[in-house]
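Here is the structure we will look at, set down as structure tokens.
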Amino acid sequence: MRKLPPTFEQWFATKGWSIHPHQQDMLDRADAPALLLIAPTGGGKTLSGFLPTLIDLADGNHEGMHTLYISPLKALAADIKRNLTTPVEEMGLPITIDERTGDTPATRRKRQRADPPNIFLTTPESLALLVSYDDAPRMFAGLKRVVIDEIHALAESKRGDQMMLALARLQTICPDLKRVGLSATVEDPAAIAHLMARHPDPCEILLADPGPAPDIQMLTTDEAPMVGGGAAYAIPAVLEEVRKHNTTLIFHNTRAQAEIFFHNLWLANDDGLPIGIHHGSLDRAQRAKVEAAMVRGDLRAIVCTGSLDLGIDWGDVDLVIQIGAPKNVKRLVQRIGRANHRYNAPSKALLVPANRFEVVECVAATGGGAGRVAGRRPARSRPPGRAVPAYPDHSLRRTFRRKRAFWRSQNRRRLYHPDPRAIRRLPRFLRNGRLCPARLRPLAAADPAAGWPMAAARPARRPTHPHEHRHHSGHRHAEGEDAPQPRWQATG
């Protein structure tokens, strides 16, 4: 068993903490090529993923980037930066931490490329852009570990496919790169581990103690309308719950619903309780202001959307209210975990159906094991279209090679079923906007002097009038007569 350095043991003692079993397991297996940790919300997953990194960087001998953290949310990356900065400053570790998202200014992005931090926090979209630069090998030269937080949220979307393509590029730059996946809601861990690990490396799965079951209740009232309403009838009950608790998160499924509910809630707030709103369409400065107020504990409630439902660690939140049917049990599990975000502390949630038709969905969510059920990644093949978004980014590099980019990737079997014809057709897909059969090619040729190739003309419309159809079908061209040429020409 690998022991903590004296500096870390002293820091844990001053906090009154002790290292959890799954954190010790992650530390003991720090040299594994791939690890997947499944732990409940508030169980210290983030510290488990970064603890080997902090220990490796404690001596200050590493130059450049050491660990790359990938988050599905910008707000989560900012929150992780705050949580990491605290122990680093308290222990006096010589570690630099920075983040890059869509909110990062251009001057700071330029500085990050010139002098990468030891711990770099980003999103899949920003990572896809970074690996497309010519100086990517220099920027990621010293990379040792990749930590993918809330991997279940990325595994079920094209964002996850884009991220895996970027990781394949990083694996060619850093062959000894180690991957760590963190999640609290995974029903099929083997499928996520198979997706995350580099082929043919194994991925060990670590399961932490699930902890106590959450306390989930539903607001029962006879005032719910039959349809619509946006749960405006429940505003007095919601305000009463806000008064009873320290900090409350009020989740909505859409931004428009959040804005309308916040407006009505503010009009009914006769006590002048400090209430804020947070969603992705707000200005960056406004979102940062609300997040800082939540960290300080200045707000009693915050109306929010999916921008805060993954991994946000605000320990003062003791109640989560879901307005409307959650539509997804996995989403509900994540949102419930924001309340009492501490180890072995039960989360508390209140479901508020927007109308009477959503009562059935809320009852199913509360009685269907919402505290344990998680999302399953459906088995699906990945067609060439999955790789298309990354193709233009990589093709802009002078050192781009089609076969090297896709056929020599270390985890190509994780991305899509290999098909040589599909790879050859990717540039044609980008040019014409469609995939044509492999044995056919468009007749229209590109003019090199015109720059970007032009798409071929559309085929002539098929005759629809019955007389017109008989005329064309009965017509025969004599020998030597000019016959209409087909749009596609066989190439053999």
Problem set entry | Using θ = phi - 60° and Karplus 6.51 cos²θ - 1.76 cosθ + 1.60, couplings along segment 329-334 (whole Hz; Gly, Pro as x) | 5, 4, 4, 5, 4, 5
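At a 10 angstrom cut-off on C-beta neighbours, averaged per residue, how do the peptides 280-287, 169-176 rank from highest to lowest?
Details: 280-287: 13.2, 169-176: 16.0.
For the peptides 280-287, 169-176, the packing ranking is 169-176, 280-287.
I need the per residue convex hull volume for segment 1-159, using only the alpha carbons, in cubic angstrom as a whole number. It would help to have the intermediate numbers written out before the result.
Values: hull volume 19.7 nm³, N = 159.
With only Cα atoms used, segment 1-159 gives 124 Å³ per residue.
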Exercise. Just how far, in whole angstrom, is segment 100-158 from segment 180-196 if you go by their alpha carbon centroids?
Worked result: 21 Å
For this session: Please give, to one decimal in nm, the separation of the simple spin-label points placed at residue 91 and residue 246, each 7 Å out from Cα toward the Cβ.
Result: 2.5 nm
For this session: Tabulate in residue order the Karplus-calculated ³J(HN,Hα) for segment 148-156, using 6.51 cos²θ - 1.76 cosθ + 1.60 with θ = phi - 60°, rounded to whole Hz; enter x for Gly and Pro.
Result: 9, 8, 6, 5, 5, 6, 8, 5, 9
Exercise. How large is ³J(HN,Hα) for each residue in segment 114-127, as worked out from phi by the Karplus curve 6.51 cos²θ - 1.76 cosθ + 1.60 (θ = phi - 60°), to whole Hz, x for Gly and Pro?
Worked result: 6, 9, x, x, 5, 10, 10, 10, 7, 10, x, 5, 5, 5
For this session: Work out, step by step, the length gained on full extension between residue 1 and residue 232: first 0.36 nm times the residue separation, then minus their alpha carbon distance; give nm to one decimal.
Result: 77.6 nm
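A 27 angstrom limit on the alpha carbon distance is what I want to check against. Which of 81/327; 81/178; 110/330; 289/327; 74/158 exceed it? All intermediate terms of the calculation are to be shown ahead of the outcome.
Numbers: 81/327 31 Å; 81/178 21 Å; 110/330 37 Å; 289/327 30 Å; 74/158 17 Å.
Those over the limit are 81/327; 110/330; 289/327.
Any read-out appearing in this document is the output of simple, stated calculations on the displayed coordinates, not a laboratory observation. On a predicted model such as this, the values are computed, not experimentally measured, just so you know. Neighbour counts are summed over all protein chains in view; Cβ atoms, including those assigned to glycine, are modelled from backbone coordinates with ideal geometry.
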